[in-house]
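Each remark here refers to the structure printed beneath this line.
The values are calculated or read from the model by the stated rules, or taken from the named source; none is laboratory data. Small disclaimer: the values here were computed from a predicted structure and weren't measured. Neighbour counts run over all protein chains shown; Cβ positions are idealised from the backbone, glycine included. When the accessible area is computed, the model is the full protein with side chains, heavy atoms only, and any ligands, DNA or RNA have been set aside. Shrake-Rupley method; radii C 1.70, N 1.55, O 1.52, S 1.80 Å.
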Amino acid sequence: MSPDTFEAMGVEVVVGGASATELREVKRLFERLDRTFSRFRPDSELSRLNESSSGFVGASPTFVVVLRLALDAARRTDGLVDPTLGVAIEAAGYDRDFARLVDDERRRRPGPSPRGSWRQVRVAGRLVLRPPGTKLDLNGVVKALAVDAAVQRLGEGFVAAGGDVAVNGAAVVGLPGGGSLTLRNGGLATSGTTTRRWLRGGETQHHLIDPATGRPSTSHWKEVTVAAGSCLEADIAAKAAFLLGEPGPDWLDERGLPGRFLGAGAEVENQAWRRALEPAQAA
């Protein structure tokens, strides 16, 4: 049976091994999460919260769960994966669905760099408190969560969405830059800048914001791929390792996570990645 595909969250979603009923459930899941968390839908819960001038804003149970996970990711990565960089990513020009972005080469006077403020965000029950002017961007966490939740609706199969993959059973997964591996009962995520790039103010921009500067990262990596027990864990680790730059491979090794790094003319595999491949290579 060939995989099924559909568009959601601005990417192509590929589902393998799903029955017709399971596929409908997966589509509804992605659609529901997109309606809640899209930055580009003015009627989404995320957009309404971001535009609210109130200090405390009521949120749905689903929103609270996802925000707590995003804040936990910020804590565990020392703020590298920061859900409060919505203003910064808009300042870089990513203020609409990627398919609608157009290059803009007009020079602009640089403004202040919007920094993250995740330490000042609080969740109390179903109330969210954030500093004035803070805009949340939960897209990365939401997409990875959607992939993880979707694959649990299948028996054996896989779900892939924009570089995020989760597998029940085993599936062969292609890698950026060529090659593939067999992923078993886990997640794989790639964070990089080779696909989502555009011009703003005459300069190349991308969506991976360095929280230390509030501007697109200058990491020398082009793509970082990480394998983990879930797509969410892989996605968080891949983004953090990308933003760290040169220390990224060691940072992943300290956490026992396999990582593959593509840079300018170079490919680096950390120790955990090489160990993970040893049984397959020996076989």
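So residue 48 fits all but one of (1) at pLDDT 90 or above; (2) open to solvent by 70 Å² or more (accessible area, probe 1.4 Å); (3) assigned to a loop (DSSP other than H, G, I, E, B); what number is the exception?
Going through (1) at pLDDT 90 or above; (2) open to solvent by 70 Å² or more (accessible area, probe 1.4 Å); (3) assigned to a loop (DSSP other than H, G, I, E, B) one by one, residue 48 breaks only (3).
Provide a single number: the residues in the range 259-283 that are surrounded by fewer than 24 Cβ atoms within 10 Å (Cβ to Cβ) and in contact (Cβ under 8 Å) with a residue 24 or more places away in the chain. If you could, list the steps in order and put the result at the bottom.
Of the residues in the range 259-283, the ones surrounded by fewer than 24 Cβ atoms within 10 Å (Cβ to Cβ) are 262-283.
Imposing the further condition that a residue be in contact (Cβ under 8 Å) with a residue 24 or more places away in the chain reduces the set to 262-264, 267, 273, 276-277, 280.
So the count comes out to 8.
Name every residue in the range 39-64 that is within 21 Å of residue 8 (Cα to Cα) and without any contact (Cβ under 8 Å) to a residue 40 or more places away in the chain, in order of residue number. Walk me through it before giving the result.
Going residue by residue through the range 39-64, those that are within 21 Å of residue 8 (Cα to Cα) are 39-48, 62-63.
41, 42, 43, 44, 45, 47, 48, 62 - these are the residues of the range 39-64 that are within 21 Å of residue 8 (Cα to Cα) and without any contact (Cβ under 8 Å) to a residue 40 or more places away in the chain.
Within the range 222-240, can one find any residue that is over 25 Å from residue 118 (Cβ atoms), surrounded by fewer than 24 Cβ atoms within 10 Å (Cβ to Cβ) and touching a helix residue (DSSP H, G or I) at 6+ places or on another chain (Cβ under 6 Å)?
The answer is no; no qualifying residue exists.
Kindly list, by first and then second residue, each pair from a residue in the range 222-242 that is free of Cβ contacts under 8 Å to residues at least 40 places away in the same chain to a residue that is open to solvent by 30 Å² or more (accessible area, probe 1.4 Å) and of a type outside the set (S, T, N, Q), limited to pairs with Cβ atoms under 6 Å and residues at least 6 apart or on different chains.
226/257
Please count how many residues of the range 65-89 are in contact (Cβ under 8 Å) with a residue 60 or more places away in the chain, more than 13 Å from residue 142 (Cα to Cα) and of a type in the set (Gly, Ala, Ser).
Number of matching residues: 2.
For every residue, the table says whether it meets (1) open to solvent by less than 20 Å² (accessible area, probe 1.4 Å); (2) part of a loop (DSSP other than H, G, I, E, B); (3) at pLDDT 90 or above.
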site	(1), (2), (3)
83	yes, yes, yes
87	no, no, no
94	yes, yes, no
106	no, yes, no
109	no, yes, no
113	no, yes, no
116	no, yes, no
132	no, yes, no
136	yes, yes, yes
